[in-house]
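Accompanying notes for the structure given below.
Derivation of every value follows stated rules applied to the coordinates shown; laboratory data play no part. Quick caveat, the model's predicted, so the values are computed rather than measured. Neighbour counts run over all protein chains shown; Cβ positions are idealised from the backbone, glycine included.
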Amino acid sequence: MLQVIGVSKKFGQKTALNSIDLNVSHGEFVSILGPSGCGKTTLLRILAGLEKPDSGKLILDEKDITQVSAHHRDVHTVFQRYALFPHMNIFDNVAFGLRCSRVAEPEVKRRVDEMLELANLSGQGKRTVTSLSGGEQQRVALIRALVNMPKLLLLDEPLGALDLKLRLQLQQELVAIQRRVKTTFVFVTHDQQEALNMSDRVAVMNKAKIVQLGTPLEIYEFPKCLFVANFVGNINRMDGKLRQDDAGRWVCDVESLGTYFVEPTEENKVAGQPGALCVRSEKLSLFSRKPSTVDNVAEGSIRALTYLGTHTQFDLTLKNGTGIQVFQQNTQKTAKKVFQAGDKVFVGWHTAQSHYFTGNQLQ
Amino acid sequence: MIQGLRYRRFSGVAWFWALSLVIAPLLYVVIISFMSRGAYGGVVWTMTLDNYLRIAEPDNLAILGASLTRSVGLAFVTTLMCVAVGFPLALFLVFRSGRFRQALFFLLIIPFWTNFLIRTYAWMVLLSDNGWINHLLEKIGFGPQALNWLFTPQAVLIGMFYNYLPYMAMSLYVSVEKLDPKLLDAAADLGAGPLKRFFKVIVPLCGPGLAAGSIMVFIPAMGEFVIPDILGGGTSLFIGNLLAQQFLVVRHWPYGAALSVVLMVLVGVCIALFEKYGNGSKEDLLA
């Protein structure tokens, strides 16, 4: 439906986008996730037509739209901080796009009213936009774009200005609306939780490139590089060197800590390569005595522990000085603490639960 | 508490300024408009309504009406020209001038460093039959003395436009600068072309600046008498000339003061009507 082919963009000396390829299919909800300055907003502005790419092509429904300017594109945007017109009321804001394309006034009224209903704002068209709460403004911004029935809806961190609770609620609303209108959504965010929550697929961007594109599960459980592993969720890192043991299995020697089984990708099976052994916090288990039931064990002590309701967060210092975090589900209803700060503990994990990154995966 | 005191002190300064420089002279004008003229000019302190009655005489009323119409027309055209050039200029300064923005804005202010009379006489030099503009036109092949604009209404308009443009441009600049560029992106995104963006988003949001700029141009332009004198050759009487004559030539101060009061009341009524029926936001208009 939407194809982005080799799109690049430079601002002066700074590369904002470096040969971006992306395919989005009809009705899909794709998030573009990345830290600020990674180029995600530039990509969105290029999709909207507010910025021209230096090279590359944009295809929308088999039509090349690279040179089509913003006001002639069937693409609409929900802007960061909404960009509602302060001199118009809700109705006129929502009707703006329809009136620009000279839709007859009775039809405008019908479609705007329909949208106001969708946004739970029925009968409030006369209110000024400055009198709205953040959540309401967000919904007006959404329907102002949706009322034009765009082929593609772009959302630029639309929930960024809201408090956490409202955000979670609006995330669900947004997904529900998307399911109803079946419009293709491209959603830009720097919030990994938001991306994982809402999207069919997530494109993780870093330094002007898409580093991984996949379902939320793929992105979280099978990150292709250290950056993705780090950016999406919590991950612990132990630096070591790769080696093949006597039985031919690949292991990682972590200095003054131990030797652990790892599963590097085929092209990275090079002995002697330095790399990072990574395990997510919730996949680590704590033991008070050295366990024999897990593939890998590291020794350390508890520096601090934080009770967080659903789980407890343990900050550990491993024997070699590396700091790691372990999350343990609070499955038991008990006031008794199994572990105390200062306790000597063992951390265990299965090899399949770990990641091993080396070479250019470390960038 | 300390803040409050400090504000009060400042408001004292503001009051002093307003009283001594605005209200007192105004009151003085109103008072002498009810006084008589001395035999050799000056003011004799005997109360009379003669000045106002004199204005109501048909001949004088005709002169007042004609010069007022001329002045309003000139002020109106000047304001239109200033908007027509000032708006694109302000937009250019804010959105397109990039790193030259400060420098260009500075250029807008520089003319104020020169005396207003000198600037206006400079236009006389430029526009005269043997002036620079005619020389330039001759150089590019328009023949000798192609423009005979000095002492014509065109010359007056050029002078007015030149002198009042910065006020309009600056007050629009302030408005345009406050405009969120995201709103223009949003309008483009929703299908508005450049013209629609200008008339549906920029103009309504710059309404206060436009109103303030128009008042800053229109009102002084209406009382202007020096530019029509210098560049128009004093061939037609504007309300400003009429007033200046009473004070400086005829030396009938009370009558001049009465004319001023009438003019002030008229302008006041106009602004009040504009505020009441105009669609601009009231509070910004005179702020």
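How far apart, in nm, are two points set 7 Å out from the Cα along the Cα-to-Cβ line at B:Ala66 and at B:Gln145?
2.9
Between the helical axis of A:164-181 and the dominant principal axis of chain A, each derived from Cα atoms, what acute angle in degrees is found, rounded to the nearest 10?
60
Looking at B:Asn51, B:Ile271, B:Ile230, which one has the Cα that reaches farthest to the positive end of the dipole of chain B (charges on Cβ: Lys, Arg +1; Asp, Glu -1)?
The residue sitting most towards the positive pole is B:Ile271.
Given contacts defined as C-alpha pairs under 8 Å and at least six residues apart, what's the relative contact order of region B:66-251, whole-number percent? Spell out each step's value before the answer.
Values: 204 pairs, mean separation 63.2, N = 186.
Relative contact order, region B:66-251: 34 percent.
Kirkwood Rh, region A:234-362, all Cα pairs: how many Å? Spell out each step's value before the answer.
Details: mean 1/r = 0.0653 Å⁻¹.
Evaluated on region A:234-362, it is 15.3 Å.
Could you run the Karplus curve 6.51 cos²θ - 1.76 cosθ + 1.60 with θ = phi - 60° over region B:234-242 and give me ³J(HN,Hα) per residue in whole Hz, x for Gly and Pro?
Here the 3J(HN,Hα) series is x, 7, 10, 8, 9, 4, x, 4, 4 Hz.
Could you give the spread of the C-alpha atoms of the protein assembly as shown along their three principal axes, from largest to smallest, in whole angstroms?
125, 68, 53
Calculate how many DSSP beta bridges within the protein assembly as shown are antiparallel, expressed in % of all such bridges and rounded to the nearest 5. Intermediate results must be reported in sequence, preceding the final value.
Numbers: 66 of 85 bridges.
Around 80 percent of the beta bridges assigned by DSSP in the protein assembly as shown are antiparallel ones.
Identify, among B:Thr69, B:Gln154, B:Leu27, the residue whose Cα sits farthest towards the positive end of the charge dipole of chain B, taking +1 on the Cβ of Lys and Arg and -1 on the Cβ of Asp and Glu, with the dipole about the Cα centre.
Value: B:Leu27.
Contour minus end-to-end for A:Gln13 and A:Glu173, with contour as 0.36 nm per residue of separation and end-to-end as the Cα-Cα distance? Kindly include the intermediate steps, with their values, before the conclusion.
Numbers: separation 160, 0.36 × 160 = 57.60 nm, distance 4.07 nm.
Going from the current span to full extension adds 53.5 nm.
Say R0 is 25 Å: what FRET efficiency, to the nearest 0.05, do A:Lys241 and A:Ala352 get from their beta-carbon distance?
On the way: r = 21 Å, r/R0 = 0.85.
Rounded to the nearest 0.05, the efficiency is 0.75.
Of A:Lys57/B:Lys182; A:Lys165/A:Lys319; A:Lys224/A:Lys344, which sit over 29 Å apart, Cα to Cα?
Values: A:Lys57/B:Lys182 25 Å; A:Lys165/A:Lys319 40 Å; A:Lys224/A:Lys344 33 Å.
Over 29 Å Cα-Cα: A:Lys165/A:Lys319; A:Lys224/A:Lys344.
Between B:Met47 and A:Ser122, what is the label-to-label distance in nm when each label sits 7 Å out along the Cα-to-Cβ direction?
The two pseudo-label positions are separated by 7.1 nm.
For region A:2-227, with only Lys/Arg (+1) and Asp/Glu (-1) charged at the beta-carbon, what is the dipole magnitude about the Cα centre, in debye rounded to 20?
Values: 29 positive and 24 negative charges, 93 e Å.
It works out to roughly 440 debye.
I'd like the mean, over residues of A:77-86, of how many other protein chain beta carbons sit within 10 Å of each residue's own Cβ.
Averaged over the peptide's residues, the number is 5.
Pull out the extension gain between B:His135 and B:Val30, defined as 0.36 nm times the separation in residues minus the alpha carbon to alpha carbon distance; nm, one decimal.
Numbers: separation 105, 0.36 × 105 = 37.80 nm, distance 4.98 nm.
Difference between extended and current length: 32.8 nm.
Using the Cα gyration tensor of chain B, with a ≥ b ≥ c the square roots of its eigenvalues, what is the shape: rounded (a/c below 1.5), prolate (a/b larger than b/c) or oblate (neither)? Don't jump to the answer; show the numbers that get you there.
Values: a/c = 1.97, a/b = 1.23, b/c = 1.60.
Since a/c reaches 1.5 but b/c is at least a/b, the shape of chain B is classed as oblate.
Got a sec to turn the phi values of region A:205-216 into Karplus ³J(HN,Hα) couplings, 6.51 cos²θ - 1.76 cosθ + 1.60 with θ = phi - 60°, whole Hz, x for Gly and Pro?
10, 8, 6, 6, 10, 7, 8, 7, 10, x, 5, x
Going by a ≥ b ≥ c, the root eigenvalues of the Cα gyration tensor, does region B:1-112 fall in the rounded group (a/c under 1.5), the prolate group (a/b larger than b/c) or the oblate group? Mind showing how you got there, number by number?
On the way: a/c = 3.54, a/b = 1.41, b/c = 2.52.
Oblate, since a/c reaches 1.5 and b/c is not below a/b.
Give the relative contact order (percent, whole number) for region A:234-362; include only Cα pairs under 8 Å separated by 6+ residues.
Relative CO of region A:234-362 lands at 31 percent.
Over 21 Å between C-alpha atoms is what I'm after, so list which of A:Lys14/A:Lys40; A:Lys207/A:Lys241; A:Lys241/A:Lys269 land there. Write out the running numbers ahead of the final one.
Values: A:Lys14/A:Lys40 14 Å; A:Lys207/A:Lys241 27 Å; A:Lys241/A:Lys269 11 Å.
Over 21 Å Cα-Cα: A:Lys207/A:Lys241.
Can you report the principal axis dimensions of region A:2-227 using only the alpha carbons, biggest first, rounded to whole angstrom?
50, 39, 31
Only Cα pairs under 8 Å and at least 6 apart count here; give the relative contact order of chain A as a rounded whole percent.
In percent, rounded to a whole number, it is 15.
Take the alpha-carbon centre of region B:109-156, take the same for region A:271-314, and report the distance between them in whole Å.
With region B:109-156 and region A:271-314 each reduced to a Cα centre, they are spaced 85 Å.
Tell me the Kirkwood hydrodynamic radius of region B:137-221 in angstroms, computed as one over the mean inverse distance between distinct C-alpha pairs.
Working: mean 1/r = 0.0636 Å⁻¹.
In region B:137-221 this quantity evaluates to 15.7 Å.
Summing Lys, Arg as +1 and Asp, Glu as -1, what charge do residues with Cβ under 13 Å from the Cβ of A:Glu136 carry, A:Glu136 excluded? Don't skip to the answer; put the middle values down first.
On the way: positive: A:Arg127, A:Arg139, A:Arg144; negative: A:Glu173.
In short, +2.
Starting from the amide H of A:Asn206, placed 1.01 Å from N in the peptide plane, find each other amide H under 5 Å away whose residue is 5 or more places distant or on another chain.
A:Val211
So how tilted is helix A:105-118 from the main axis of chain A? Cα-based, degrees 0 to 90, rounded to 10.
Between helix and principal axis, roughly 30 degrees.
About the Cα centre of region A:234-362, how large is the charge dipole given +1 on each Lys and Arg Cβ and -1 on each Asp and Glu Cβ? Please answer in debye to the nearest 20.
Values: 15 positive and 13 negative charges, 128 e Å.
Approximately 620 debye in magnitude.
For A:Leu284, list long-range residues whose amide hydrogen, built 1.01 Å from N in the peptide plane, is under 5 Å from its own amide hydrogen.
A:Phe327
Quick one: putting +1 on the C-beta of Lys and Arg, -1 on the C-beta of Asp and Glu, what dipole do you get for the protein assembly as shown around its Cα centre, in Debye to the nearest 20? Mind showing how you got there, number by number?
Working: 63 positive and 51 negative charges, 172 e Å.
It works out to roughly 820 debye.
So who's got an amide H within less than 5 Å of the one on A:Ala16, skipping anything under 5 residues away but keeping other chains? H placed 1.01 Å off N, in plane.
Amide H to amide H, under 5 Å and 5 or more residues apart or across chains, A:Ala16 pairs with A:Lys9, A:Lys10, A:Phe11.
Work through the residues other than A:Arg243 whose Cβ is under 12 Å from its Cβ and net out their charges, Lys, Arg +1 and Asp, Glu -1.
Values: positive: A:Lys241, A:Arg249, A:Lys269; negative: A:Asp245, A:Asp246, A:Asp253.
The answer is 0.
For region B:136-287, what class follows from the C-alpha gyration tensor (a ≥ b ≥ c being the square roots of its eigenvalues): rounded when a/c is under 1.5, otherwise prolate if a/b is larger than b/c, else oblate? Each step should come with its number before you reach the end.
Working: a/c = 3.57, a/b = 1.32, b/c = 2.71.
Since a/c reaches 1.5 but b/c is at least a/b, the shape of region B:136-287 is classed as oblate.
Put a dot 7 Å past each Cα toward the Cβ at A:Glu263 and B:Arg101; how far apart are the dots in nm?
About 5.4 nm, to one decimal.
Among A:Gly233, A:Thr293, A:Val103, which residue has its Cα positioned farthest towards the positive end of the charge dipole of chain A, with +1 placed on the Cβ of Lys and Arg, -1 on the Cβ of Asp and Glu, and the dipole taken about the Cα centre?
The Cα lying farthest towards the positive end belongs to A:Val103.
Which of the helices in chain B meet the span-like rule: DSSP H, Cα axial reach of 18 Å or more, Kyte-Doolittle mean at least 0.0?
Numbers: long enough: B:2-17 (23 Å, -0.11); B:58-91 (48 Å, 1.39); B:153-178 (37 Å, 0.61); B:207-223 (24 Å, 1.38); B:253-277 (35 Å, 1.57).
The qualifying helices are B:58-91, B:153-178, B:207-223, B:253-277.
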